[in-house]
1. Amide H of Phe295 versus every other amide H placed in the peptide plane: which residues, excluding those fewer than 5 positions away on the same chain, fall under 5 Å?
2. With labels modelled as points extended 7 Å from the Cα through the Cβ direction, what inter-label distance (nm, one decimal) is found for Gln230 paired with Lys540?
3. So for the chain: antiparallel DSSP bridges make up what percent, rounded to the nearest 5?
4. Please turn the phi angles of segment 431-447 into ³J(HN,Hα) values with the Karplus equation 6.51 cos²θ - 1.76 cosθ + 1.60 (θ = phi - 60°), one per residue in order, whole Hz, x for glycine and proline.
5. So for each of 189-197, 234-242 I average, over its residues, the number of other beta carbons within 10 Å; can you give me the resulting order with the highest mean first?
6. Rounded to the nearest Å, what's the spacing between the alpha carbon centres of segment 473-516 and segment 10-75? Just the number, please.
7. Which of the listed residues, Ser328, Ala481, Asn8, is farthest toward the dipole's positive end in the chain, when Lys, Arg count +1 and Asp, Glu count -1 at the beta-carbon?
8. Given the pairs Lys62/Lys507; Lys282/Lys423; Lys258/Lys540; Lys131/Lys235; Lys140/Lys544; Lys62/Lys544, which span a C-alpha to C-alpha distance of over 24 angstrom in this model?
Amino acid sequence: MNYEINRNGKRGIELLHDPSLNKSTAYTEAERQALGLVGLVPDVTESEDLQLRRVMQQLGHKNTDLDRYIYLINLLDHDETLFFRTIMSDPARFLPIVYDPTIGEACLKFGYIFRNPRGMYVSIERRGQVKKILQNWPVKDVRVICVTDGGRILGLGDLGANGMGIPIGKLQLYTATAGVPPTGLLPIYLDAGTNNEQYLHDPLYLGLRKTRPSTEELYSFVDEFVDAVQEVFPKCCIHFEDWTGVDAVHLLERYRNKVSCYNDDVQGTAGITLAGMINATKLKGTQLKDEKYLFLGAGSAAIGLANLLCTALVAQGMTLEDAQSRVSMFDINGLLEPTRTDLVDFQKPYAHSHPPTKDFVAAIESIKPTTIIGVSTVGGAFTQQVVETMSQLNDRPVIMALSNPTEHAECTPEQAYTWSKGKAIYAAGVQFPPVHLNGQTFLPGQANNFYIFPAVGLAIYATAAKRVSDEMFIEAAAAVADQVPEDLLKQGLIYPPQSNILETEIKTAIRVAKLVFDSGLARVDRPANIDAFIRQHVYKPEYKTLV
Ligand code: NAI
């Protein structure tokens with residue numbers, strides 16, 4: 001293990017105030033005697049399970065998921081082990097509270113529910129000092145930084161500093177779903193201002209009260225940040241999260257061949273959607289290359305998925321041009337086609353000759369996709385007419401309504417199954433309950449990248465990978481797809497159940513780590529047994545012995 005327990009000489013009340021060392025009522029008699037804790041905690045020694053019982057009881061008195069979120073973050077501020085023990089005790093119940101969909105509301109209200117600072121806030125006003133600022137972080141061996149500029153938070157737009165809830169939540173998921181040790185994880189908000197008028201005038205807003213700078217200024221600030229990370233945390237991977245679509249794609253291209261980094265909105269979303277597509281083809285008895293894809297939305301998520309899908313198709317023997325010809329996109333200004341003058345460089349490979357149209361149903365009728373993928377941020381955009389048209393064209397239309405949070409999903413599973421008369425293979429970005437229709441039960445899967453990025457993160461963490469490749473996300477997608485039990489797949493579930501998410505992610509990380517070693521990207525020696533090697537790194541929410 002890389003992170004042995006180190007008290008840094010802390011004793012007594014200092015231990016109680018350090019969430020990574022606090023055991024609250026669980027200190028042993030020996031620890032109480034040796035570390036000056038007698039009298040500072042109730043004179044009983046409780047087990048973690050008894051503490052968990054108390055947490056559950058207190059949570060039971062909260063009325064809303066936002067209240068539960070606030071309670072849990074408060075718990076994390078005091079007792080990290082008990083926080084992760086709680087989340088990991090029932091991931092299917094707690095992931096929607098610490099992440100989607102509650103996190104959306106938590107971000108919108110970030111300035112109001114703020115209690116304790118967590119992670120780092122680096123402002124563009126402090127250009128020239130970023131390295132010095134990063135040196136203020138107490139942990140010296142940081143392995144993953146999750147960083148946002150708050151430019152496009154979930155489907156909620158520019159939330160500026162309120163977006164900090166996202167890197168905090170994402171890194172909690174690394175630990176809660178894949179067992180990445182929390183000590184080496186650091187959430188960062190790069191504050192370059194916001195164009196959100198409401199926040200600029202809100203006295204409780206926690207960011208710079210300035211509109212966003214030019215792209216050139218922003219990128220030079222990010223350059224300084226990326227360089228500083230290489231110097232201060234040399235083994236660190238930078239996970240970019242929730243930047244606007246254009247910045248996400250451009251910044252990834254800028255750094256991906258130079259440093260260890262990836263963008264989860266681009267590559268993680270792509271990986272999880274690819275996993276669903278692989279299982280949809282298993283259900284249909286086809287292969288990825290037999291399918292035709294139409295995206296609603298042509299931003300970072302769409303481009304990331306299309307690029308990854310094409311890489312996977314090329315690996316299966318297609319030419320890149322053939323692969324790209326299978327993918328069309330439709331955005332806020334209509335179908336992407338070559339006469340459009342508003343397209344950015346990375347969208348052009350998916351702009352195929354076609355008469356201009358702003359009618360999505362007409363585009364479906366003409367292109368005849370087998371799969372539609374909603375990454376538009378527009379709730380309800382897959383109308384009855386859209387689903388019915390897909391059902392007329394396909395025996396099993398594949399409908400992926402990926403936009404978050406819940407009310408932004410392009411359609412609900414109930415709508416997809418009802419309008420397609422039970423024919424649709426459906427997944428959403430958030431978890432919806434099973435749908436009962438005409439005596440049949442359908443299980444909508446959650447195409448949430450939390451099946452992918454924590455597993456890739458665990459592999460990167462354990463191997464200290466020096467670069468993050470697309471192939472790592474394709475391997476993760478295949479590994480996730482392979483872990484859906486046959487009987488559940490038959491009920492339409494194209495993603496593994498969340499109840500066993502830790503084991504799913506560990507198995508995925510093992511396959512990704514093998515690829516990291518095979519491709520020469522690891523910065524540690526190849527172990528004889530990669531399975532055991534990955535499992536050795538997995539964090540367990542158990543108190544460590546302090547004396
Ligand atoms: P983005 O802002 O880069 O792109 C949004 C795209 O939607 C743009 O191309 C825009 O033109 C298009 N669009 C907006 N209104 C439209 C309309 N009325 N009709 C057609 N197209 C429209 O955002 P990004 O990063 O691509 O994310 C999109 C959505 O995907 C978000 O809601 C996000 O929460 C979701 N997402 C889901 C993930 C998952 O795992 N399920 C992961 C990452 C993102």
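The values are calculated or read from the model by the stated rules, or taken from the named source; none is laboratory data. Source: prediction; values computed, not measured. Heads up, the Cβs are rebuilt from the backbone with ideal geometry, glycines too, and the neighbour counts pull from every protein chain shown. Calculation scope for accessible area: heavy atoms of the full protein, side chains included, ligands and nucleic acids excluded. Shrake-Rupley method; radii C 1.70, N 1.55, O 1.52, S 1.80 Å.
1. Ser328, Met329, Phe330, Ile373
2. 3.9
3. Working: 5 of 39 bridges.
The answer is about 15 percent antiparallel.
4. 7, 10, x, x, 10, 9, 9, 6, x, 10, 10, 10, 10, x, x, 9, 7
5. Working: 189-197: 21.0, 234-242: 23.8.
Answer by packing, highest mean first, reads 234-242, 189-197.
6. After rounding, the separation between the Cα centres reads 34 Å.
7. So the residue furthest toward the plus end is Asn8.
8. Numbers: Lys62/Lys507 35 Å; Lys282/Lys423 15 Å; Lys258/Lys540 33 Å; Lys131/Lys235 15 Å; Lys140/Lys544 21 Å; Lys62/Lys544 30 Å.
Pairs exceeding the cut-off: Lys62/Lys507; Lys258/Lys540; Lys62/Lys544.
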